[in-house]
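Read the structure below first, then the notes.
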Amino acid sequence: MQKVDSEYYLGIDIGGTKCAVVVGDGDFNIHRRIQFDTRTAERGWQKIVDEFFAHIDNLFSEFPVEKLSGIGISCGGPLDSRKGMIYSPPNLPGWDNVPIVKVFNEKYQVPVAIQNDANACALAEWLMGAGKGTRNMIFLTFGTGMGSGLILDGRLYTGTNDLGGEVGHIRLAKDGPVGFGKAGSFEGFCSGGGIAQLAKSIVSEKYQRGDKVGFCTPDELEELDAKKVAIAAQNGDETALEIIRVSAEYLGRGLAVLIDVLNPECIVIGSIYSRNVELFKPHAERILAEEAIPSALEVCEIKPALLGDSIGDYAALCVALYDEKF
């Protein structure tokens, strides 16, 4: 096999279910991707890191180690990007006080950087996705949870101790679905888990009143999730559309807060929103028109994320490239 004779970077994506390593260049092109199961409950973090090392070392037959210019790591928080530490993420049991940057740096002797997955995804959408060309952009995950990454004045903003952008904790109502440990929070109303809670509450109330629900029987109530709600809403089910409307209205309220405080050019929203724009957008825009400062809203565009299922790969690569380029 002929070796590649140009500089390249590695992106390391550490997830609770899957891990991946990608090889990319300075123009954000991905040339190789390797994925494996995390299985963190069965083995400690050292074994997972060793598997990363084994896959990376195998890549050196095609990508010379001397051309490796940097490594970027994307991982769920909490973590400290300045100290290069991972601190017990909920989806990675046993990853307690892991000096991950030091471990990779000592192994490969190149610059290594880490960001939480929301910040890393924000970099990807800013550098090559829906937010490309902006200087003030907010990325919202709207997936399993509601996190954000903030690009302010052309830089990633992480705050004093890497807690900048924890928008899921914002309280939008006195009561409501629980997210981020808080009832009525942004994450409670606008996340996969939150929509599932909201759906169970609304459907349960309908059954108690004797109403019919077309997409969910009483026996299926506990298995109800955001995906089932979205599919039913796309098929025109009235109850599912009501659930989406409530979530979308609170999305509008949350967006209004962010627009009023940060005055961004663009808010990019991923996952559930990006797959169901036509369901969420009208309700969110209606609330935005009522709640946001008009002149701030006028200059802010709300966009679905562009990178889709590949965002995790590009996110990790962009952490490496951002650390070098900025």
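Is it true that Ala130 is touching a Ser or Thr at 6+ places or on another chain (Cβ under 6 Å), at pLDDT 95 or above and within 30 Å of Asp225 (Cα to Cα)?
no
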* Residues within the stretch 129-149 that are farther than 26 Å from Thr17 by Cα and of a type outside the set (Val, Ile, Thr), tallied -> 7
* To do: Taking the residues in the stretch 314-326 that are at pLDDT below 95 and closer than 17 Å to Tyr8 by Cβ as candidates, determine which candidate is surrounded by the fewest Cβ atoms within 10 Å (Cβ to Cβ).
  => Lys325
* Structure fact -> Log entry, pairs with first residue in the stretch 285-310 being in the same structural domain as Ile138 (by TED's automatic domain parsing), second being in a loop (DSSP other than H, G, I, E, B) and of a type in the set (S, T, N, Q), beta carbons closer than 7 Å, six or more apart or on different chains, reads Ala296/Asn263
* Can you run down the residue pairs with Cβ atoms below 6 Å, 6 or more apart or on separate chains, where the first is in the stretch 268-283 and modelled with pLDDT of 95 or more and surrounded by 17 or more Cβ atoms within 10 Å (Cβ to Cβ) and the partner is among the basic types (Lys, Arg) and assigned to a helix (DSSP H, G or I)? => His283/Arg245
* **Residue check for Asp162: among the charged types (D, E, K, R), within 18 Å of Arg82 (Cβ to Cβ), in the same structural domain as Asn276 (by TED's automatic domain parsing) and part of a loop (DSSP other than H, G, I, E, B)** => yes
* Considering only the stretch 166-202, state which residues are surrounded by fewer than 23 Cβ atoms within 10 Å (Cβ to Cβ) and assigned to a helix (DSSP H, G or I). => His169, Gly192, Gly193, Ala196, Gln197, Lys200, Ser201, Ile202
* Looking at Ala20, is it outside any helix (DSSP H, G or I) and closer than 19 Å to Thr141 by Cβ? -> yes
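To keep it simple, each residue is scored yes or no on (1) at negative phi; (2) in contact with a strand residue (DSSP E or B) (Cβ under 9 Å, 6 or more places away or on another chain); (3) of a type in the set (Ser, Thr, Tyr).
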residue	(1), (2), (3)
Asp57	yes, no, no
Glu62	yes, yes, no
Gly77	yes, yes, no
Lys83	yes, no, no
Asn97	no, yes, no
Phe104	yes, yes, no
Asn116	yes, yes, no
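Are there helices (runs of 4 or more DSSP H) fully within the stretch 27-140 with at least 1 residues that are aromatic (Phe, Trp, Tyr) and surrounded by fewer than 14 Cβ atoms within 10 Å (Cβ to Cβ)? List them.
Working: elements: 45-59, 100-108, 117-128.
In the stretch 27-140, there are no helices (runs of 4 or more DSSP H) which contain 1 or more residues that are aromatic (Phe, Trp, Tyr) and surrounded by fewer than 14 Cβ atoms within 10 Å (Cβ to Cβ).
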* To do: Give the number of residues within the stretch 232-267 that are free of Cβ contacts under 8 Å to residues at least 60 places away in the same chain and either closer than 22 Å to Leu127 by Cβ or assigned to a loop (DSSP other than H, G, I, E, B) (or both).
  => 3
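Going through the stretch 6-17 one residue at a time, which ones are part of a strand (DSSP E or B), within 20 Å of the chain's Cα centre (by Cα) and of a type outside the set (D, E, K, R)?
Leu10, Gly11, Ile12, Ile14, listed by residue number.
The values are calculated or read from the model by the stated rules, or taken from the named source; none is laboratory data. Only a predicted model underlies this, so the values are computations on that prediction, with no experimental measurement involved. Cβ: placed from backbone, ideal geometry, glycine included. Neighbour counts: every protein chain shown.
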